[in-house]
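Trainee: Let me give you the structure first, and then I'll get to my questions.
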Amino acid sequence: MNKSTSGLIISGCLLLALSIGYRSGFGIFLQPVSAEYGWGREVLSLALAIQNLAWGIFAVLAGALADRFGNLKILLSGVLCYAAGMIGMAYASTQTTMIATAGVLVGAGIAGTAFGIVLPALARSVPADKRSWVLGLGTSAGSFGQFLVVPFMQQLLDWFGWFHAIQLLGLSALLMAVLAIPLAPYSGTNDHSDKNLNLPLWHILRQAFRIRSYTLLVAGFFVCGFHVAFITVHMPGYIVDLGFDAKIGAWSISLIGLCNVIGAYYSGVLSGPRSKPYILACIYFGRVIAITLFLLIPVSLPSILIFSASMGFLWLATVPPTSGLVASFFGTRYMAFLYGIVFLSHQLGSFSGVWLGGFLYQHFGNYQGIWIAGIILGLIAAVLHLPIQERDESAILQKTAH
């Protein structure tokens, strides 16, 4: 591996660490912002749910544009949206402005700086036999950012209050622009692995959905989003409701990130020689076991930490095999776009988990129903991944040229 490739991987990993780290910490602002404006949790939950939905929608658009026009413009636009959204969030005193800033702008910013753009660039930078490894490394870097950034966000909240903390975080997000520059050469426009460089995107999408395995992958990733977004946003408040200090909630999210550094990395390593669909089925079934035991065992500080660690090992461990399957099916030329479609399903699940969590809490005063829904959906996802066949389907894209 040459110095240029090593530099790209380091920059990409640091970019993901910041982008995913910021995104993972918004849940700690749920209580103080809601209390400041006299809102129920449903208001900010809706804004953060829309953030996840906007992330998914803009991920498709960003992936398509990056595959056509290169990475750098999309990455820098994402950085600006991220910073503007967080700074604007500090001044958003109505539900509409909170949705526009914390929801739409930040969602667009994450889409332009996170997995959908960075992982394809990393995949293009290494030989095919190293793709699973580098996808696992990039995903684990995002989780490491969650581990480092969320406690830092909580500390800023304790020191300066939520208003100034969000402003400072928004300004610091501009640092991601520097990390985006080395990724510029590794875009779809410079990928010559496929002779069909300029196929219409709607043709590519239509052909891709003719592959049953791709359709199942899209459907299954909905559940991943449901799980992780609900827990990211509502776990801190859930822990406070149980009588624990707010810092325990922040450290719970941080511990999830720390353990997923290991989980995501080894998921990528294992996805190389072993069946990616089988690994995904095991991950979803493992989540079902972790959530079920967490609900059955009396809640205590050890049980919270054990649950957080268990979910951490399984958290974004889905990303390397999922993105790896997209590359296995269709190659890397249109990976940003086709992975963006898969990720949109993930974010539809994220929207559902975050919004439904706030809705059920507002109406029933607890999260019991959403936890049970997570168990049922996890079982469905495990079953959906078993029939997926991991094989090269890129020939079907070439048929669009005729």
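The values are calculated or read from the model by the stated rules, or taken from the named source; none is laboratory data. What you are looking at is a predicted structure, and each value in this text was computed from that prediction instead of being measured. Backbone-built Cβ (ideal geometry, glycine too); neighbour counts: all protein chains shown. Each accessible area value is taken on the protein alone, full model and side chains, heavy atoms only, with ligands, DNA and RNA left out. Shrake-Rupley method; radii C 1.70, N 1.55, O 1.52, S 1.80 Å.
Trainee: Considering GLY331, GLY268, GLY263, GLY272, which residue is touching an Asp or Glu at 6+ places or on another chain (Cβ under 8 Å) and within 14 Å of GLY136 (Cα to Cα)?
Mentor: None of the other options fit; the residue is GLY272.
Trainee: Picking from GLY243, GLY286, which residue would you name as being modelled with pLDDT of 80 or more, small (Gly, Ala, Ser) and assigned to a helix (DSSP H, G or I)?
Mentor: Working: GLY243 fails: assigned to a helix (DSSP H, G or I).
After applying the criteria, what remains is GLY286.
Trainee: In the range 369-393, what residues are assigned to a helix (DSSP H, G or I) and over 18 Å from SER350 (Cβ atoms)? Working first, answer last.
Mentor: First, pick out the residues of the range 369-393 that are assigned to a helix (DSSP H, G or I): 369-385.
Across the range 369-393, the qualifying residues are ILE372, LEU379, ALA382, VAL383, HIS385.
Trainee: Just the residues that are open to solvent by less than 40 Å² (accessible area, probe 1.4 Å) and touching a His at 6+ places or on another chain (Cβ under 8 Å), please, taken from the range 350-376.
Mentor: Result: GLY353, VAL354, GLY357, GLY358, TYR367, ILE370, GLY374.
Trainee: Within the range 107-188, which helices (runs of 4 or more DSSP H) (wholly inside it) include 3 or more residues that are open to solvent by 10 Å² or more (accessible area, probe 1.4 Å), touching a residue at least 60 places away in the same chain (Cβ under 8 Å) and aromatic (Phe, Trp, Tyr)?
Mentor: Values: elements: 115-124, 131-172, 176-180.
Output list reads 131-172.
Trainee: Just to be sure before I move on: is ILE376 over 20 Å from SER24 (Cβ atoms) and either over 20 Å from the mean Cα position of the chain (by Cα) or among the charged types (D, E, K, R) (or both) in the structure I sent?
Mentor: Working: over 20 Å from SER24 (Cβ atoms): yes; either over 20 Å from the mean Cα position of the chain (by Cα) or among the charged types (D, E, K, R) (or both): yes.
Yes; evaluated as a whole, the condition is true for this residue.
Trainee: All but one of (1) more than 30 Å from PRO200 (Cβ to Cβ); (2) open to solvent by 60 Å² or more (accessible area, probe 1.4 Å); (3) under 20 Å from the mean Cα position of the chain (by Cα) hold for TYR91; which doesn't?
Mentor: If we test TYR91 against (1) more than 30 Å from PRO200 (Cβ to Cβ); (2) open to solvent by 60 Å² or more (accessible area, probe 1.4 Å); (3) under 20 Å from the mean Cα position of the chain (by Cα), just (3) comes out false.
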